[in-house]
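What follows is a short report on a single structure.
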Amino acid sequence: MEIDVDEAASRWPDTFEPEHQGSRRGQRRKRVMIGLSTGLAALAFVVVAGPAIFFRIEGPAPKRLALPVGPGRTVGPVNGTWTVTSPSEVQYRVAEILFGQRHIAVGTTSKVQGSLTIEGATVTSAHFSVDMASVRSGVAGRDSQFSGWIMDTANYPKGYFTLVKAIDLKKVPSKQHIIDLVALGKLTLRGKSRTVKFQLRAERYGNGIEANGALTIRFGLWGIPNPSFAITRVGSTGTIDVLLHLVRKSA
């Protein structure tokens, strides 16, 4: 029986022809390479542009706390006990690096309580507390880390500052006169207390007293875990900023 080779070939399925098989494998390989290149390009974009986009969404870091600027007002006597009222605030500020992008992480709370006592031109006592669980930065993930393993607010819900040495003001400051002073006290964070020197600026402002200052702390001295994780790097220190508004307790 004779078989027409051309006729037999015309009946052979195209998918089994060596030339077509190689061609389709080549096409698949090409598609895989294109997909891989696209994936790598997307990853590179996330690595390079991701942090910048994240920081843009979060916005610039809030300004540092400072004494209010405004016209002077009539001020009253200073003797007596002064209690913390709104709009007092406490902030933490920590420099962080995410994929090489530098940023200042800031968490703030207005849940501050406490008081100080003034006799003549001397601050004789002071005690303040901060609700650590209420600190918010505007980024849920960061706040969860802060309240969780970093500050462990479930076991240590508050931070404290207690004056351990009276502050001699030399003389009662006049209105619109800002004075610089150092408050030597015991700072308690995460259940651990250490003596610190808090640099402050204070001003008699209307019927109140405004006090503003900042303190740099080394995390390890208070047993605070370094906040670095995965893709975010943080140094060994952070800053606590305070702005206290105090009003005189009625006699």
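A few notes on this one:
- Relative contact order of the stretch 133-246, pairs being alpha-carbon contacts under 8 Å that are 6 or more residues apart, as %: 20 percent
- Near residue 95: Cβ cut-off under 10 Å, other residues only, Lys/Arg at +1 and Asp/Glu at -1. The net charge is +2.
- Proxy reagent accessibility, fewest Cβ within 10 Å first, across 147, 193: 193, 147
- Based on Cα contacts under 8 Å between residues 6+ apart, the stretch 181-236 shows a relative contact order of 25 percent.
Bear in mind these aren't lab numbers, they're just calculated from the coordinates by the rules spelled out. Keep in mind the model is a prediction, meaning the values are calculated, not measured. Virtual Cβ from ideal backbone geometry, glycine too; neighbours counted across all protein chains shown.
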